1. Yes or no: A:R36 out of contact with any Cys (no Cβ under 6 Å at 6 or more places or on another chain), away from chain B (no Cβ under 11 Å) and surrounded by 15 or more Cβ atoms within 10 Å (Cβ to Cβ)?
2. In region B:40-60, how many residues are closer than 16 Å to A:A93 by Cα and more than 10 Å from chain A (Cβ to nearest Cβ)?
3. Give me a count of the residues in region A:24-38 that are under 10 Å from the mean Cα position of the chain (by Cα) and within 26 Å of B:I112 (Cβ to Cβ).
4. Quickly run through region A:6-15 and pick out the residues that are within 17 Å of the chain's Cα centre (by Cα) and open to solvent by less than 80 Å² (accessible area, probe 1.4 Å).
5. Kindly indicate whether any position in region A:39-58 is open to solvent by less than 20 Å² (accessible area, probe 1.4 Å) and over 11 Å from the mean Cα position of the chain (by Cα).
6. Would you check which residues across region A:54-95 are in a loop (DSSP other than H, G, I, E, B) and of a type in the set (G, A, S) and list them?
7. Does region B:51-63 contain at least one residue that is under 15 Å from B:G108 (Cβ atoms) and surrounded by 12 or more Cβ atoms within 10 Å (Cβ to Cβ)?
8. Can we say B:G98 is out of contact with any Asp or Glu (no Cβ under 7 Å at 6 or more places or on another chain), within 11 Å of chain A (Cβ to nearest Cβ), at pLDDT below 90 and surrounded by fewer than 18 Cβ atoms within 10 Å (Cβ to Cβ)?
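The values are calculated or read from the model by the stated rules, or taken from the named source; none is laboratory data. Because the structure is a prediction, the values reported are computed rather than measured. Quick reminder, even Gly has a Cβ in these numbers, built from the backbone with ideal geometry, and neighbours come from all protein chains shown. Ligands, DNA and RNA are stripped out before the accessible areas are found, and what is left, the full protein with its side chains, is counted by its heavy atoms. Shrake-Rupley method; radii C 1.70, N 1.55, O 1.52, S 1.80 Å.
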Amino acid sequence: DAGVIQSPRHEVTEMGQEVTLRCKPISGHDYLFWYRQTMMRGLELLIYFNNNVPIDDSGMPEDRFSAKMPNASFSTLKIQPSEPRDSAVYFCASSLRAGGKYEQYFGPGTRLTVT
Amino acid sequence: GDSVTQMEGPVTLSEEAFLTINCTYTATGYPSLFWYVQYPGEGLQLLLKATKADDKGSNKGFEATYRKETTSFHLEKGSVQVSDSAVYFCALSQANAGGTSYGKLTFGQGTILTVHP
C-alpha cells in the first residue's frame, strides 16, 4: 500500500489567500484525522471523520478552517483567509477500527508557511 | 478530560546509553496506550502499543509496560543508537471494555531525543 498521501508537501502563500490541503487515506480505512503541529502548541487534533462523517471538530481553531470528506478516498482541509499564525505542519492520518488492533497511520505532512 | 504528560526534553545521550522517557496519563475507563516516533521531516509512526493493564509493548529494542496502578507507560531502551534520534510521543485512545477503540488519540507534548556517537 502507498500509505497516506498528502499534497502539497510544502505550501507558501500570502496572508489572506485561500489554502487547500489534500489527503488520500489508506484504502479501506474508516477513520481520517487532521492534525496541526507547531513548536508552541505541539500536536493538535483539528477534526476527525468516521465513514466520511465529521465526528469531532472541536479542535478546529475558528471559522476560517473547514474540512470535508466527500468520499472514502479523499479529504480536504481549507483555510480561508490564511494568516501568518496558521503556519505549521499539517498531518493527515487514517485508521481502521478493528477490535483493539487499531492504529493511526500518518502521512508525511504539509508544511504551510503564510507570509 | 483525558490527558497525557511526558517528561520534559530535550534528552541528549551518548550511543549505547540507557534510555527512559517518562509518560503518565489521566483517563477514565479502559484506555489503550501508544508510543509514536517522528523522525526529522516525516510523519509519526507507531512504535509500540499496549491495550490493557500489565501488557508490555515492544519493538526495535524499545519497551513500555502499561501500569494502571501508577497510570504510567514509560518508554525504555537498553542501548540507544544515533539512528534513534527523533521525537517520541506518548498517546492514549479511549476504548470500551472489549478493547475496541473510539478512534481519537490524545497525545503528549513530545520528547526530543538526540543521541551522539
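1. Numbers: out of contact with any Cys (no Cβ under 6 Å at 6 or more places or on another chain): yes; away from chain B (no Cβ under 11 Å): yes; surrounded by 15 or more Cβ atoms within 10 Å (Cβ to Cβ): yes.
Spelling it out, A:R36 is indeed out of contact with any Cys (no Cβ under 6 Å at 6 or more places or on another chain), away from chain B (no Cβ under 11 Å) and surrounded by 15 or more Cβ atoms within 10 Å (Cβ to Cβ).
2. Qualifying residue count for the region: 1.
3. Matching residues across region A:24-38 total 4.
4. Scanning region A:6-15 gives A:Q6, A:S7, A:P8, A:E11.
5. Yes.
6. We begin by selecting, within region A:54-95, every residue in a loop (DSSP other than H, G, I, E, B); these are A:57-64, A:72-73, A:80-83, A:87.
The answer is A:S58, A:G59, A:A72, A:S73, A:S82, A:S87.
7. No, region B:51-63 has no match at all.
8. On the way: out of contact with any Asp or Glu (no Cβ under 7 Å at 6 or more places or on another chain): yes; within 11 Å of chain A (Cβ to nearest Cβ): yes; at pLDDT below 90: yes; surrounded by fewer than 18 Cβ atoms within 10 Å (Cβ to Cβ): yes.
Yes; evaluated as a whole, the condition is true for this residue.
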